[in-house]
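All remarks here apply to the structure that follows.
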Amino acid sequence: MKDLEVKSMSLENKKPSLIKRVFNHRLTGYVIGFLGIAITLYFGIFGVSRRKLRFSQYPIRTTIVKSGEISSLDVFYKNNKLATDISAVQIALWNAGNKEIEKNDILEPIIIYSEPRVQFLEATTKKASREVIKLELGTGGLQDGLLPISWIILEKNDGGVIQVIYSGKPDVKFRVKGVIKGQKGALPFFSTYVGKTPFQQRKEEIEHYIISGLQFLSIVGFIFLIYPWSKKRYRLIGIIYISANLIIAIFSLLYAFVFIPRSMILPPFGFS
């Protein structure tokens with residue numbers, strides 16, 4: 001009998017395991033609730049089928065001819081002498097959404113133009129993600145600095161790289177206008193980061209991911225360090241602190257991996 005009593009008392013005094021204590025604690029409910037909200041927001045906002053036509057400009061321009069430096073060299077275009085710089089720029093376009101963009105979805109013509117207006121001398125397709133997209137460049141508006149673009153279909157990550165040779169300095173700004181069915185607002189035109197190569201941009205993005213990940217891990221570690229709290233009066237402060245940091249960490253990770261992923265700045269198929 002005494003042995004049975006001792007065994008029963010030892011079982012009663014035995015503390016539950018750390019895993020059981022963690023899952024039985026009400027803080028775990030808060031964490032699961034916040035994660036549920038984050039997952040719901042992600043699939044509710046980003047899981048919907050959308051068309052997302054994106055444009056991105058390669059940050060490094062090419063100066064083909066610089067006016068005034070070579071006095072013995074004259075440049076003619078269609079029998080007209082050019083007295084300005086001749087530069088080249090590469091512009092990529094692609095569908096960053098998960099819904100295809102067909103030719104019939106172009107409600108207003110997609111046109112690349114410059115500010116200020118300069119003459120486009122030549123426009124060519126340097127790269128296409130697939131031949132079946134049939135990327136077409138109009139030539140009727142080149143004299144006025146207008147480049148219409150069309151295609152048969154752009155599925156997810158479909159697109160191409162266009163090279164424009166124009167009469168003007170390398171600092172000329174480029175814009176895009178047009179309307180795509182189901183895509184509200186102005187068409188995004190990313191100028192990337194001026195003066196930085198794609199490798200430098202990618203390096204900065206990876207650093208941002210690492211910082212966000214470390215922030216998340218530090219919060220998880222803090223939860224286990226202070227669990228359980230020694231005094232009840234600090235419990236509410238701890239819950240508020242961890243909850244606030246958890247929300248910040250979740251949205252930091254969403255920002256790093258969703259709002260500024262590489263596919264939104266650089267084309268998925270690259271420039272070269």
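The values are calculated or read from the model by the stated rules, or taken from the named source; none is laboratory data. Given the structure is predicted, the values throughout are model-derived calculations rather than measurements. With ideal geometry, Cβ positions are generated from the backbone for all residues, glycine too; neighbour counts draw on all protein chains shown.
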Checklist outcome for this item: Residue pairs within 6 Å by beta carbon, gap of at least six or interchain, first lying in segment 47-65 and under 19 Å from L93 (Cα atoms), second at pLDDT below 85 and surrounded by fewer than 13 Cβ atoms within 10 Å (Cβ to Cβ), listed first then second, are P59/V194
Next on the checklist: I'm checking my understanding of the structure. Among residues of segment 109-130 that are touching a Phe, Trp or Tyr at 6+ places or on another chain (Cβ under 7 Å) and of a type in the set (S, T, N, Q), which one is nearest to D158 (Cα to Cα)?
Outcome noted: S129
Next on the checklist: Report every pair of residues separated by at least 6 positions or lying on different chains whose Cβ atoms are under 9 Å apart, first residue within segment 165-176 and among the hydrophobic types (A, V, I, L, M, F, W, C), second in a loop (DSSP other than H, G, I, E, B).
Outcome noted: V172/R61; V172/P116; V172/V118; F174/S191; V176/A186; V176/L187; V176/P188
Item to check | Failed condition for G160, given (1) buried (at least 16 other Cβ atoms within 10 Å of the Cβ); (2) free of Cβ contacts under 8 Å to residues at least 12 places away in the same chain | outcome: (2)
Next on the checklist: With the requirement that a residue be in contact (Cβ under 8 Å) with a residue 40 or more places away in the chain and among the acidic types (D, E), what does segment 83-138 give you?
Outcome noted: D85, E100, E102, D105, E108, E115, E122
Item to check | Per-region count, segment 173-186, residues buried (at least 19 other Cβ atoms within 10 Å of the Cβ) and modelled with pLDDT under 90 | outcome: 1
Item to check | Residues satisfying the stated conditions in segment 42-76, i.e. more than 39 Å from the chain's Cα centre (by Cα) and either at pLDDT 80 or above or at negative phi (or both) | outcome: E69, I70, S71, S72, L73, D74, V75, F76
Checklist entry - Which residues, counting only those in segment 114-134, are crowded, with 19+ Cβ neighbours inside 10 Å and under 23 Å from the mean Cα position of the chain (by Cα)? => result S129, I133
